[in-house]
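The block underneath contains the structure these notes are about, expressed in structure tokens.
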Amino acid sequence: MPDREDRAMTAPRPAHPTAARPPHPSEGLPHMTSRTTTRRSATLLVSAAATFGLAFAVPASASPEQTPAAAPAASNSAAADGCYTWSGALQEGSSGEAVRQLQIRVAGYPESGGDIAVDGEFGPATKAAVQRFQSAYGLGADGVAGDSTFAKIYELQDDDCSPVNFDYGELNNCNSDWSGGQVSAATAKSNALVTMWKLQAMRHAMGDKPIQVNGGFRSKACNDNVGGAPNSRHMYGHAADLGAGSQGFCALALQARNHGFGEILGPGYPGHDDHTHVAGGGGQSWSAPTCGL
């Protein structure tokens, strides 16, 4: 299958009603479309201000409530990323938008069964997640996010802040503007960004083999069309339904436990023999009896 930049985005197609089955309290049936992602090269844009010798960047996807002010890069020779550029090292005790942006990128590296709060506060859980991220990519695992950690993140992200192996289109084949869910469109899209970074971590842990995403965000109307539960996490942007790919449903379900997915439903759970459902957003509900989960 061609890389993402060679694939034209396809228009959303209406989901078809599916046979009734016992819905999980917060989950519904998957969308019926699928795409397999492949790695593509990240692009770094070098930007320097001629007068002051400082580089600036503003995150392309900011908090739903506010857009943070631009932050200067660490030096006049630093590369300015098209999405977000950190201005200096971050460590336990740091706080603010720079920390929040970091937490999004390491959201897939909590302890098993855990979840990283995206709250702009660099505490022990964030430090441990940074260490796991560093170890996963062969960096010095000191829990301090500095030049080498940021360089790896820049390599892994695109200019719209999504990770290189996933895109917003995969996480929303319901509509084009993220509207109509249980939260605002901006919040749903922000939640989907965190979901993508969790999937990126999971993909890397599974040998960087492509993960097939069959669906993500749903508006209330899209959720009703596929017989989703009234409080499905799809309507918050927290969920993704995965195809078997080369890994298989059970391998995906079992691996998801290590990457911040509190909700995992797979083979053996009613209506989930043909996909693995993963979702963040708090709590823990894992059920894939066929897989021993």
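Brief remarks follow.
- Solvent-accessible surface (1.4 Å probe) assigned to residue 187 amounts to roughly 30 Å².
- The relative contact order of segment 252-293, computed from alpha carbon pairs under 8 Å that lie at least 6 residues apart in sequence, is 44 percent.
- Sum of side-chain charges, residue 249 neighbourhood, beta-carbon under 12 Å (Lys, Arg +1; Asp, Glu -1): -3
- The alpha carbon gyration tensor of segment 86-133 gives principal lengths a ≥ b ≥ c with a/c of 1.5 or higher and a/b greater than b/c, which makes the shape prolate.
- Average silhouette area of segment 145-257, convex hull of alpha-carbon atoms, in square nanometres: 7.7 nm²
- Per residue, segment 99-195 exposes 33 Å² of solvent-accessible protein surface, assessed with a 1.4 angstrom probe and all protein chains in place.
- Qualifying lysines (Cα of each under 17 Å from Cα of residue 152; at least 8 residues distant if same chain): 127, 198
- If you take all other residues with their beta carbon under 12 Å from the beta carbon of residue 180, and give Lys and Arg +1 and Asp and Glu -1, the sum is 0.
- Amide H contacts of residue 114 (H built 1.01 Å from N, under 5 Å, at least 5 apart or other chain): 260
- Charge context of residue 133, other residues only, Cβ under 10 angstrom, K/R +1, D/E -1: +3
- Sequence-distant residues sharing a close amide H with residue 288 (under 5 Å, placed H): 266, 293
The values are calculated or read from the model by the stated rules, or taken from the named source; none is laboratory data. These numbers were taken from a predicted model, which means no experiment stands behind them. Every residue, glycine as well, gets a Cβ built from its backbone with ideal geometry; the counts of neighbours run over all protein chains shown. Each accessible area value is taken on the protein alone, full model and side chains, heavy atoms only, with ligands, DNA and RNA left out. Shrake-Rupley method; radii C 1.70, N 1.55, O 1.52, S 1.80 Å.
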